[in-house]
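Here is the structure we will look at, set down as structure tokens.
Every number in this text was worked out from the coordinates using simple rules, so none of it is lab data. Since this is a predicted model, take the numbers as computed values, not measurements. FYI the Cβ positions are ideal-geometry reconstructions off the backbone, even for glycines, and counts take in every protein chain you see.
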Amino acid sequence: MFDKGKLDFDRRIGQYLRETLGTEVPTVAWPDTARLAPFLAGRYRFLRASILGHRILFMIDESAAEESPANVRQHVAQVTAKADRRIVYVRERVTAYNRKRLIEQRVPFVVPGNQMYLPDLGIDLREHFRRQAATPPRFRPATQAVLIHGLLREHDASLAATSFTLTLGYSSMTVLRAFDELTVAGLAESTVVGRGRILRLSAPRRRIWAQAQARLQDPVILRRFVQIQLPVLRPPGLQAGLSALAHYTMLAEPANPVVAMTRERWTLLRQERSVGVLPVSEPGAYEVQVWTYVPEAYREPGVVDPLSLYLSLRGFDDERVEQALDRMMETLPW
């Protein structure tokens, strides 16, 4: 029976591999599922493919509940015994914690739009990346801010340049340059309507976010601890870092509140007599982040936006933070 959901997911797998490897990876259904134990045939769907000359069998996990990496490894071993191909585990979503554990178990996997780990391809894959997938240039800070603003707008299919000049405070020339950069990257289309320019994202927002990852960077360029002597009626900046993540999730509040601000605001703050910059953290001190673009409370008052927050914390070496970031991203309405 035709299943549009499965077909769409298969297309996403193909698109992700094409965008990542720079080559088409056609797939066909594997005809030998009857050789497997019933629980394997019931939980997984199988597609044959070839990647860089290697015969692959995608083992697509369709269960609602995420399996433990140790069990996935056992399932891969059982399927390997019945197939003459390298097995690659595929699932639409895998937490950062479990992706790390899959890598520790050396289980090849693909999470479309997120991550691919294919250790069995070894040097062939690394050479292919060096030839075909050179790291694209990073976006300018203004371009990153414009893209994030567009991704977090829930209702508008298109965005006028004037809305960015008003909301983000950029000049018209800066916004139009950002439009051009996003268009060249293939993430959006820009058209002229009347006397203004309109930006329209070229794909669903979740897919644009995944495609843009290599071009996006940590907005934080400076981190300092400051002690404010006078009573603080309100934080000197928007909640950021672990403070913002605690706001969006159930993560515990950090010992030192984290706030984000621009270079200009940081310069003014240092000139205030009641503020002292500390060499290390102390109780009651604020951790100040200086951003390359204006921290904006796009979705929650007083808190930086979740996409910039994700970029500022990705790679944070703490399992709890990784899990909290995954939970936050899963709640976004896209």
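Taking a span of 15 Å or more along the helix axis (Cα atoms) and a mean Kyte-Doolittle hydropathy of at least 0.0 as the rule, the DSSP H helices of the chain that qualify are 141-152, 172-184. Taking other C-beta atoms within 10 angstrom as a stand-in for reagent exposure, W334, W209 fall in the order W334, W209, fewest first. Going from the residue with the fewest nearby Cβ atoms within 10 Å to the one with the most, T143, T267, T20, T165 rank T267, T165, T20, T143. Remark: C-alpha extents of region 4-132 on the principal axes read 42, 31, 29 Å, sorted largest to smallest. Ellipsoid fit via the Cα gyration tensor, region 186-261: semi-axes of 36, 17, 12 Å, each the root of five times an eigenvalue, largest first.
Among the GluC sites (Glu not before Pro) within region 226-325, those in coil by DSSP and having at most 15 neighbouring Cβ atoms inside 10 Å are E272. Computing Rg/Rh (Cα atoms, Kirkwood Rh) directly from the structure and comparing it against (i) 1.03; (ii) 0.93; (iii) 1.66 singles out (i).
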